[in-house]
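Since the structure comes first, as structure tokens, the remarks are kept for the end.
The values are calculated or read from the model by the stated rules, or taken from the named source; none is laboratory data. Given the structure is predicted, the values throughout are model-derived calculations rather than measurements. All Cβ positions, glycine included, derive from the backbone under ideal geometry; neighbour counts span all protein chains shown. For accessibility, only protein heavy atoms count, side chains too; no ligands or nucleic acids. Shrake-Rupley method; radii C 1.70, N 1.55, O 1.52, S 1.80 Å.
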Amino acid sequence: MRYAVAAMALHVCGAFQQPRTTRSSSVALRAKPKVVVFDLDGCLWDPEMYQLSWRGGAPFEPDGDAMLSQSGERVVLLGAAREILRELRTTDDWSATKVAISSRTDEPAWAAELLDKFRVDDMVLGSCFDAREITKESKSSHFRRLKEKYSCAYE
């Protein structure tokens with residue numbers, strides 16, 4: 001399902017602590033991931049940048065909770081994207097977790113503009129991310145650089 005939160009690309013790096021249990025539950029609680037990585041097109045927003053390129057993308061103008069492309073097409077944040085990023089950026093539970101983007105796109109400048117214009121409460125969307133890999137290169141290149149930057153192993 002395209003609009004499901006499960007569509008968000010999550011990548012976990014780093015070692016986990018020993019599972020803990022709570023008194024009220026036998027469910028094991030695990031440590032938070034060291035890095036969470038999101039894709040942009042089709043995960044954080046819709047439509048994808050390549051879909052706009054046929055009709056025109058930037059500059060984008062605010063239109064309520066969306067952005068309008070120069071051709072008048074609406075770009076919207078998907079599902080619970082705002083709520084998830086708010087949680088990752090504003091709660092102590094996630095303070096040690098880095099948040100990054102890995103997006104392969106033919107229009108990196110358009111993606112950067114949208115990150116600068118979309119809002120999550122009083123934050124600019126782009127400020128929710130510690131690292132950005134938004135290029136025409138492969139995702140494997142993005143993940144290799146993120147792995148090096150945060151000194152973590154793939155799990």
What order do you get for 135-146, 79-90 when each peptide is scored by the mean count of other beta carbon atoms within 10 Å, highest first?
79-90, 135-146
Please list, or write none, the lysines whose alpha carbon is within less than 17 Å of the alpha carbon of residue 147, excluding same-chain residues fewer than 8 places away.
32, 34, 98, 139
Share of pairwise Cα separations in the stretch 108-155, more than 14 Å, in percent:
58
Where the accessible area of the stretch 53-131 is counted over protein heavy atoms with a 1.4 Å probe, how much of it, in %, is carbon and sulfur?
47
When Lys and Arg each count +1 and Asp and Glu each count -1, what net charge do the other residues less than 10 Å away from residue 59, Cβ to Cβ, add up to?
-1
